[in-house]
There are 4 protein chains.
Amino acid sequence: MSEFIGRDRKARRAYGFDEIALVPGEVTINPEEVDISFKLKDQKFEIPFLASAMDGVVDPKFAIAMGKLGGIAVLNLEGIYVRYADYETILDDIAKAPPEETTALVQKLYEEPIKEKLISQRIQDIKKAGVRAVVSSLPQKAERYGKIGEEAGMDCFVVQSTVTTVKHLSKSYQVTDFSKLCSTLKVPVILGNCVTYKVALELMETGCAGLLVGIGPGSACTTRGVLGLGVPQVTSIADCASAREVHFKKTGQYVAIIGDGGMSTGGDVCKAFACGADAVMVGSAFARTKEAPGRGYHWGMATPHANLPRGTRIRVGTTGSLEEILYGPARLDDGTQNLVGALRTCMGNVGAQNIRELQLTEIVIAPAIRTEGKLFQAAQRVGMGK
Amino acid sequence: MSEFIGRDRKARRAYGFDEIALVPGEVTINPEEVDISFKLKDQKFEIPFLASAMDGVVDPKFAIAMGKLGGIAVLNLEGIYVRYADYETILDDIAKAPPEETTALVQKLYEEPIKEKLISQRIQDIKKAGVRAVVSSLPQKAERYGKIGEEAGMDCFVVQSTVTTVKHLSKSYQVTDFSKLCSTLKVPVILGNCVTYKVALELMETGCAGLLVGIGPGSACTTRGVLGLGVPQVTSIADCASAREVHFKKTGQYVAIIGDGGMSTGGDVCKAFACGADAVMVGSAFARTKEAPGRGYHWGMATPHANLPRGTRIRVGTTGSLEEILYGPARLDDGTQNLVGALRTCMGNVGAQNIRELQLTEIVIAPAIRTEGKLFQAAQRVGMGK
Amino acid sequence: MSEFIGRDRKARRAYGFDEIALVPGEVTINPEEVDISFKLKDQKFEIPFLASAMDGVVDPKFAIAMGKLGGIAVLNLEGIYVRYADYETILDDIAKAPPEETTALVQKLYEEPIKEKLISQRIQDIKKAGVRAVVSSLPQKAERYGKIGEEAGMDCFVVQSTVTTVKHLSKSYQVTDFSKLCSTLKVPVILGNCVTYKVALELMETGCAGLLVGIGPGSACTTRGVLGLGVPQVTSIADCASAREVHFKKTGQYVAIIGDGGMSTGGDVCKAFACGADAVMVGSAFARTKEAPGRGYHWGMATPHANLPRGTRIRVGTTGSLEEILYGPARLDDGTQNLVGALRTCMGNVGAQNIRELQLTEIVIAPAIRTEGKLFQAAQRVGMGK
Amino acid sequence: MSEFIGRDRKARRAYGFDEIALVPGEVTINPEEVDISFKLKDQKFEIPFLASAMDGVVDPKFAIAMGKLGGIAVLNLEGIYVRYADYETILDDIAKAPPEETTALVQKLYEEPIKEKLISQRIQDIKKAGVRAVVSSLPQKAERYGKIGEEAGMDCFVVQSTVTTVKHLSKSYQVTDFSKLCSTLKVPVILGNCVTYKVALELMETGCAGLLVGIGPGSACTTRGVLGLGVPQVTSIADCASAREVHFKKTGQYVAIIGDGGMSTGGDVCKAFACGADAVMVGSAFARTKEAPGRGYHWGMATPHANLPRGTRIRVGTTGSLEEILYGPARLDDGTQNLVGALRTCMGNVGAQNIRELQLTEIVIAPAIRTEGKLFQAAQRVGMGK
């Protein structure tokens, strides 16, 4: 629905997770009996959860733990794990830095050059544990790192930047050819991020296996404040899911839509699937696990940006083990634990046998439950922080 | 009204209490002269108020007090009153637990098995006081507990779960047949919770006497945050009331619509009736009475859930006697006291002679009165909590 | 514009002051040259401002000060000024009461019977100062007090209750006949409060001179929270102004629409006129004057209600003289001072020569300026209150 | 889109920056390669940023620094720099005044008469540094000061008042003839502020080079609260940009639309261009620079208003050098630094080669990112302020 925001200017209304809710079904199902598996081309995963390629969330050890629990953790090939052989003290430094010095420190630490040898080593460490290795790179480095990764045995390659399109213009550097990359690599490639129907469709035509959907919605990301850019997740996931259906009809290729960012609770995760996602990529929720390398802190990959840092280091705390966050039992009741249990219960309540059915469940536009309550919680957090 | 939330995805706009207000009538009536009685099949109650089947709200003593004052208190047959013969110390423990340990403690206390003998005894205690005994059970236990309850003399049976439908699928356990239950039991049966027209209609066809309407809106319930599920109360009550009218026209059976949850003030209660409710079920307001067993605390029945707890113990305080909360005089001016007086005054001001007329009164969509004021109050509560 | 809030239930969207803004005009005018006078039948007032009939705002001394400055202050004939001959200590007691005891104290103080002799005396005191005496009564007492007032020389009579209609039903008491009242009394009668087109039209047909418009919007009034009742002021003033135009065309009688409640700043006042008001009745702004009897406190006339008190004593502080609040210079920049200057400047900027032209000025629907800023202010007030 | 706000009263929906977001493009561009230059008639500027004509932002030294960095700083000819030869102690006094005395102090300091000799001197000081001198005046003084300015060598003249129209009515003073002014002066004239299509068109017909667009949206300005006046910036910029296109088609003259006020972050700035602006005028962001004369404070030009002060002195702090605020590197991640970098990155992401293309980029209506997050930040600022 488009409305006039000015005399000759129309804009479409876009929606975010806080503005919708799911409607209980006419049939309900025993939650234990629903199917929540996720497929990326020929690879099947037990649960449709990916951990974000952020240094406070995924290190090689976390990747192994996540893989053993059925999910996917993406290791970032721009991060400290490929810059420093011994990274534990670096993580300590970031965790201990006073708030006002963090951005500068992080900027400085990320100036250390990437070692290609470390890329191979990290991948091999993960493989040795019997877990699929999934790594990510910026588009500029994708050709080079993809080759190194494949040689080291990676199982899936994620090429990710804030805004990714097939057509990028530059006179000063070589632009990555995603079609060539997808056809050259033998492993499935996930591209992102994008938020619109048209870009999703163009990216799908490169032969990728999945798309990361989400620009600007994450809690450690301030793209919208700094750049004005962003499309709320409900609309962007629904639009890209439309592109998936059209592409599937035309080509027979099913490209996975992976909601990325802006999901802080089980409720948000359930809504992402209801909007059309096949899987979700989550950051903060996993940053809170005992296994997360961030020591209770979390920062975005735009934080170390030398010239235009976005997002900051956020204290998220450590609230449980990865197993508890994924499978419960929840010890907190705020929707940040037992994400798999929440998804199953939701599917049971709306009567969805699998994710494909959940993608079609009824949604209502509804104001956030209790603004006053949220205010109270926000205020309390401040009070409790003292 | 449906709107596009994505390219091929529509969602209907649903409304909550904070978004509406009632319009004063063209005729006004002396509040003392309006009729607020409530009928559940052949049973008539003086006032259309039910106290929630929550352990912090209703124990046998509270049920007696409520019955003597003309209302209905539902005793929960999954709660501590049927798990522990002597429950006062249990209530003390819950009230004294530090916040961070509450969920775990509550989970543990509810692991104590239910004693069927206690079910009979609690019902008989209430009956002995000359008050109608109304008890509730989960669907899974409804057949068994219904039988015990009826033998013990219960007057009304409530079968309640977060989301209740006629069609529930499970390969691993026996699904409750509500039609059979309603025809087997001699007492009126109330089923719930539901929020949609279609499910309400199907549940009415089982022969029940009343429906609990409300999923996710209560202050001690975080279903929407954890599961993404919920329909705001204005729309869900109005939709289920539509089902009631259709069912009544077709069958001659009038099934009571009982708004359950999300009402924290007299204003919310009045709006629930204006949306079509025949009665309201209230939790927090009654948790604040001197008669409430929670000692100033309140917790939902999903709080003790072993794997996916929702809602937490909330400090509500004790602000007056049950009689004051129901009939005044109000000593607070925030709408949480003298609920019956508020309902009568509202009916007088909109010119409704009885609840059926109130169900047709004019409503406006209107933003919450003073966002800034609410902010201030929320902030103050934090300040005052220190 | 009506929308479906449920399957068979429509509601109209109503607007409040926070949701609109005035559009600067194509022509602008020197603010000193606009006409802001106000007429109530044959009586002309220099400025279109009335001070609310609330005990914390208007005592006989305030009424005199307001009259000398060109405005109207309404003395309440249910208040302490007609209950106590010497009321200064009563005002001291209310100001000094601890917050938690205030409602009870106010309830008790208002149990003292009204002395009819004091009614006459208060009116005569005001008249002696050379100022017009305007007094108010509840409908039930209007016949009796109207007679006393007229004998004592009152210039205008206000008959006010929360919700006033021509048709009030009661079997237990005599209902006031407004047509008879208006034709019996020689002075102009103002009736209120009302908020809808139809009720406004019916009240106008009784022969009244003005209508008070506003139910539930004042800052010392919680009608909407307690009773669910209320129509935001933009819509209620615009609707009642429509009734005025229709009534004027039909009868040639121009009945003044007086916006009452919900205006806390000059901006709100200007918007009330732009929505169609001929005058505004303001409470809190005048409660802050040095002349106000409330000693920096303010309470609604529903606060002392014995059974269902609404609103509470609010600390508003004392920020300037009545002359400063009305005519400036403003010493605060929050819109609560120099209300006349604000109105003149606004009229100059939208290009309105007089109030009738201001009633037709362009309005936009616009979200409140800076939610974040307001949050900040709300938070700050709490911080500053410690 | 107009909606009924009352029975016979329609209002158009207007939008603000917080309600929209920009949509990433189908093509992306290397940010280093986009063109962000700005033209005002024949004068070309490297960057489309103007610093507001506010005394806490622009003194002669700041104007020189800004000019050397490619932007424009407007020196106010009503300010203290033309009232006091030695103004540093005045600035100290304002910075040191206790909050409750500030408005009164500022009012008093601005009573000192303007010295025309100082006008010439300030302009010459700026010119001597090799920088273009841009100065501003109220309409009443425009003829006189324009002449003095031109003699002193000014390069551009800004005539600014809260609400400016071609037709101003007054019986007591001579009204400025903008057409005459624009044709008399040899330098380009910028007029403002305005917010509507019709007034923008009429002002353009006077022959001006640019228009300031924005009434009521700035953070140091409370026009909307005090006067009820204001149009949110998205709609006002889009409407005035429409007028620019129409005027350009008709006359071949391209009049620059300069968004003024309400932009506190890079995101807001990017949105202003996307709505149709050719340049932006920013206050608070520059008030935070080391070069700003306000010593970490900021106040509006309506603050010293003798009778109706609006806006107050705000503590903004000093967060970096002007070069850092404009060109980075950002040391804060809240969008208030590296404004030029943010604009370039945004243009790269939406695929705009220049400002004209950015003016056509896709916009969505989207709720502010994370209300809860903003609440948290607001609450934190209070906590941190203690």
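Summary of values
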{"read-out": "Test result for D:Q124, on the phi < 0 side of the Ramachandran plot, within 14 Å of chain C (Cβ to nearest Cβ) and not basic (K, R)", "value": "no"}
{"read-out": "Sole exception among (1) outside any strand (DSSP E or B); (2) surrounded by fewer than 21 Cβ atoms within 10 Å (Cβ to Cβ); (3) among the charged types (D, E, K, R) for A:D18, by number", "value": "(2)"}
{"read-out": "Flag if D:F4 is under 21 Å from D:L212 (Cβ atoms), among the aromatic types (F, W, Y) and either away from chain C (no Cβ under 14 Å) or assigned to a strand (DSSP E or B) (or both)", "value": "no"}
{"read-out": "Qualifying residues in the range C:289-306 (those that are farther than 17 Å from C:R224 by Cα and touching a Gly at 6+ places or on another chain (Cβ under 6 Å)) - the one surrounded by the fewest Cβ atoms within 10 Å (Cβ to Cβ)", "value": "C:G296"}
{"read-out": "Residues (closer than 22 Å to D:E324 by Cα, within 8 Å of chain A (Cβ to nearest Cβ) and of a type in the set (A, V, I, L, M, F, W, C)) located in the range D:262-278", "value": "D:V269, D:C270"}
{"read-out": "Tabulated pairs, the range A:82-93, first in contact (Cβ under 8 Å) with a residue 24 or more places away in the chain, second in a helix (DSSP H, G or I), C-beta under 7 angstrom, 6+ apart or interchain", "value": "A:V82/A:L118; A:V82/A:I119; A:V82/A:R122; A:Y84/A:I90; A:A85/A:L118; A:Y87/A:I80; A:Y87/A:Y81"}
{"read-out": "For A:V135: the one exception among (1) more than 14 Å from chain D (Cβ to nearest Cβ); (2) closer than 30 Å to A:A200 by Cα; (3) in a helix (DSSP H, G or I)", "value": "(3)"}
{"read-out": "Residues of the range C:4-26 that turn out to be over 30 Å from D:E202 (Cα atoms) and touching a strand residue (DSSP E or B) at 6+ places or on another chain (Cβ under 7 Å), as a count", "value": "8"}
{"read-out": "Options C:A95, C:A104: the member that is within 14 Å of chain B (Cβ to nearest Cβ), farther than 30 Å from C:D278 by Cα and surrounded by fewer than 19 Cβ atoms within 10 Å (Cβ to Cβ)", "value": "C:A104"}
{"read-out": "Within the range D:222-261, tally of residues that are away from chain A (no Cβ under 14 Å) and either surrounded by fewer than 24 Cβ atoms within 10 Å (Cβ to Cβ) or among the aromatic types (F, W, Y) (or both)", "value": "6"}
{"read-out": "Those residues of the range C:138-161 which are in contact with a Lys or Arg (Cβ under 7 Å, 6 or more places away or on another chain) and in a helix (DSSP H, G or I), in sequence order", "value": "C:E150"}
{"read-out": "Residue list for the range D:167-209, restricted to those being in a loop (DSSP other than H, G, I, E, B) and of a type in the set (A, V, I, L, M, F, W, C)", "value": "D:V175, D:L185, D:V187, D:V195, D:C208, D:A209"}
{"read-out": "Output for the range B:279-307, where each listed residue is farther than 19 Å from B:E78 by Cα and more than 14 Å from every other protein chain (Cβ to nearest Cβ)", "value": "B:A279, B:F286, B:R288, B:T289, B:K290, B:E291, B:R295, B:G296"}
{"read-out": "Selection status of B:G210, surrounded by fewer than 24 Cβ atoms within 10 Å (Cβ to Cβ), at pLDDT 95 or above, under 21 Å from the mean Cα position of the chain (by Cα) and more than 10 Å from chain A (Cβ to nearest Cβ)", "value": "no"}
{"read-out": "Flag for D:K147 being surrounded by fewer than 22 Cβ atoms within 10 Å (Cβ to Cβ), closer than 30 Å to C:N354 by Cβ and more than 14 Å from chain C (Cβ to nearest Cβ)", "value": "no"}
{"read-out": "Verdict on D:T164 being within 14 Å of chain C (Cβ to nearest Cβ), more than 20 Å from the chain's Cα centre (by Cα) and either part of a loop (DSSP other than H, G, I, E, B) or more than 14 Å from D:I119 (Cα to Cα) (or both)", "value": "no"}
{"read-out": "Residue check, D:S120 among the hydroxyl-bearing types (S, T, Y) and assigned to a helix (DSSP H, G or I)", "value": "yes"}
{"read-out": "Hits in the range A:22-58 (condition: of a type outside the set (A, V, I, L, M, F, W, C), more than 14 Å from every other protein chain (Cβ to nearest Cβ) and surrounded by 24 or more Cβ atoms within 10 Å (Cβ to Cβ))", "value": "A:P48, A:S52, A:D55, A:G56"}
{"read-out": "The range B:38-64 - residue that is among the basic types (K, R) and not in a loop (DSSP other than H, G, I, E, B) and, of those, nearest to B:I126 (Cα to Cα)", "value": "B:K61"}
{"read-out": "Residue that is nearest to C:C275 (Cα to Cα) [pool: residues in the range C:14-30 that are of a type in the set (A, V, I, L, M) and in contact with a Ser or Thr (Cβ under 9 Å, 6 or more places away or on another chain)]", "value": "C:L22"}
{"read-out": "Filter pass, A:Y173 being within 14 Å of another protein chain (Cβ to nearest Cβ) and either at pLDDT 95 or above or in contact with a strand residue (DSSP E or B) (Cβ under 7 Å, 6 or more places away or on another chain) (or both)", "value": "no"}
{"read-out": "Residue within the range A:4-14 that is in contact with a helix residue (DSSP H, G or I) (Cβ under 6 Å, 6 or more places away or on another chain) and touching a residue at least 24 places away in the same chain (Cβ under 8 Å) present", "value": "yes"}
{"read-out": "Condition check for C:I215: more than 7 Å from chain B (Cβ to nearest Cβ), of a type in the set (A, V, I, L, M), within 26 Å of D:I5 (Cα to Cα) and under 18 Å from the mean Cα position of the chain (by Cα)", "value": "no"}
{"read-out": "Listing of helices (runs of 4 or more DSSP H) fully contained in the range A:254-347 that carry 1 or more residues being in contact with a His (Cβ under 8 Å, 6 or more places away or on another chain), in contact (Cβ under 8 Å) with a residue 40 or more places away in the chain and of a type in the set (A, V, I, L, M, F, W, C)", "value": "A:284-287"}
{"read-out": "C:Y197, sole failed condition from (1) more than 7 Å from every other protein chain (Cβ to nearest Cβ); (2) modelled with pLDDT of 95 or more", "value": "(1)"}
{"read-out": "Yes/no for C:Y110 being closer than 26 Å to C:T312 by Cα and either within 14 Å of chain B (Cβ to nearest Cβ) or in contact (Cβ under 8 Å) with a residue 12 or more places away in the chain (or both)", "value": "yes"}
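Residue-wise test of (1) modelled with pLDDT under 95; (2) under 25 Å from C:I325 (Cα atoms); (3) among the charged types (D, E, K, R); (4) in contact with a His (Cβ under 6 Å, 6 or more places away or on another chain).
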site: C:V27; (1), (2), (3), (4): no, no, no, no
site: C:E33; (1), (2), (3), (4): no, yes, yes, no
site: C:F38; (1), (2), (3), (4): no, yes, no, no
site: C:F45; (1), (2), (3), (4): no, yes, no, no
site: C:P48; (1), (2), (3), (4): no, yes, no, no
site: C:D59; (1), (2), (3), (4): no, yes, yes, no
site: C:A65; (1), (2), (3), (4): no, yes, no, no
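The values are calculated or read from the model by the stated rules, or taken from the named source; none is laboratory data. Keep in mind it's a predicted model, so treat the numbers as computed, not measured. In this analysis, Cβ positions are derived from the backbone assuming ideal geometry, glycine residues included, and neighbour counts consider all displayed protein chains.
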